[in-house]
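The values are calculated or read from the model by the stated rules, or taken from the named source; none is laboratory data. Everything numeric in this text was worked out from a predicted model, so none of it was measured. Here Cβ is always computed from backbone atoms with ideal geometry, including for glycine, and neighbour counts include all displayed protein chains. Remember, those area values only see protein heavy atoms, side chains included, never the ligands or the DNA or RNA. Shrake-Rupley method; radii C 1.70, N 1.55, O 1.52, S 1.80 Å.
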Amino acid sequence: MKIIGVGYNYRPHREEASERGFLSGHEGDEPIFFHKGDALLRPNTPFFLPDMGSTIEYEAELVVQISRVGKQIAERFAHRYYNYITLGIDFTARDIQRRAIAQGHPWLMAKVFDGSAAVGSWLSKEELSYPEQPIPFRLDVDGVTRQQGNSCEMIHSIDKLIASVSRYQTLRMGDLIFTGTPSGVGPIQIGQFLEGYIGERRVLQLSIK
């Protein structure tokens, strides 16, 4: 199973990243992809802050689960390759990422560490009335909403992302695509409680240890 992340897929987050010094400088028309390795957090387990002397930040985003094998998928057919969507958190070691970008180095070490890809309960496209209706989502930290987004605000749609990834590598059943985060990313601390919602349905609960 592959876990694929997408960078800077919401314009407000691009602006936020530029202001805070972790924008890679990419302004092209194609999506930015990276791999999250074997970083999936086990279901119903807390997220333990890694002992790496770093500032870990949350990035809430819609996650798509690939349902069939595909290569060179045309965007108009991409809807056939996924049935389930949820909310996930792409945990990021922000200071490591910022330093790597400043030095012109790859920043995978800021993204690929144990448990850094958390996903919630899966909802079908039919339940969500997608794509006829856009998908709103949010992340609450200790009961306060910190991030809000909507699938219609993406620079590159879910179908465009699937088509783009499949140009370079075969997508297989069970692969996950984290579709990018809106603005409002921020640091986590031990003792916090994160809750992720799609619409008014809570699909993710996560304690920080």
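How do the pairs read when you match residues in segment 198-209 that are touching a residue at least 60 places away in the same chain (Cβ under 8 Å) with residues anywhere that are among the aromatic types (Phe, Trp, Tyr) and surrounded by 13 or more Cβ atoms within 10 Å (Cβ to Cβ), using Cβ under 6 Å and keeping only pairs 6 or more apart or on different chains?
198/137; 206/47; 207/193; 208/47; 209/48
Taking the stated definitions as given, is residue 161 under 15 Å from residue 7 (Cα atoms) and within 13 Å of the chain's Cα centre (by Cα)?
Yes: the conditions hold for residue 161.
Scan segment 96-112 for residues that are polar (S, T, N, Q) and open to solvent by 100 Å² or more (accessible area, probe 1.4 Å) and jot them down.
Across segment 96-112, the qualifying residue is only 103.
Does residue 51 qualify as being assigned to a loop (DSSP other than H, G, I, E, B), within 23 Å of residue 163 (Cα to Cα) and of a type in the set (D, E, K, R)?
On the way: assigned to a loop (DSSP other than H, G, I, E, B): yes; within 23 Å of residue 163 (Cα to Cα): no; of a type in the set (D, E, K, R): yes.
So residue 51 does not fit the description; no.
Within segment 113-129, can you find the residues that are open to solvent by 40 Å² or more (accessible area, probe 1.4 Å) and either closer than 25 Å to residue 151 by Cα or part of a helix (DSSP H, G or I) (or both)? Steps first, please.
Just the residues of segment 113-129 that are open to solvent by 40 Å² or more (accessible area, probe 1.4 Å), to begin with: 114, 119, 121-122, 126-127, 129.
Of everything in segment 113-129, those that are open to solvent by 40 Å² or more (accessible area, probe 1.4 Å) and either closer than 25 Å to residue 151 by Cα or part of a helix (DSSP H, G or I) (or both) turn out to be 119, 121, 122, 126, 127, 129.
I want to confirm something. Restricting to segment 59-86 and keeping residues that are without any contact (Cβ under 8 Å) to a residue 60 or more places away in the chain and surrounded by 15 or more Cβ atoms within 10 Å (Cβ to Cβ), which single residue is nearest to residue 110 (Cα to Cα)?
Result: 84.
Would you confirm, using the coordinates I've provided, whether residue 25 is modelled with pLDDT of 80 or more, part of a loop (DSSP other than H, G, I, E, B) and on the phi > 0 side of the Ramachandran plot?
Answer is no for this residue.
Can you tell me which of 96, 56, 89 is in contact (Cβ under 8 Å) with a residue 40 or more places away in the chain, touching a Gly at 6+ places or on another chain (Cβ under 8 Å) and more than 19 Å from residue 155 (Cβ to Cβ)?
89
Say whether the condition of being in contact (Cβ under 8 Å) with a residue 24 or more places away in the chain, more than 19 Å from the chain's Cα centre (by Cα) and surrounded by fewer than 16 Cβ atoms within 10 Å (Cβ to Cβ) is met by at least one residue in segment 26-46.
Within segment 26-46, not a single residue is in contact (Cβ under 8 Å) with a residue 24 or more places away in the chain, more than 19 Å from the chain's Cα centre (by Cα) and surrounded by fewer than 16 Cβ atoms within 10 Å (Cβ to Cβ).
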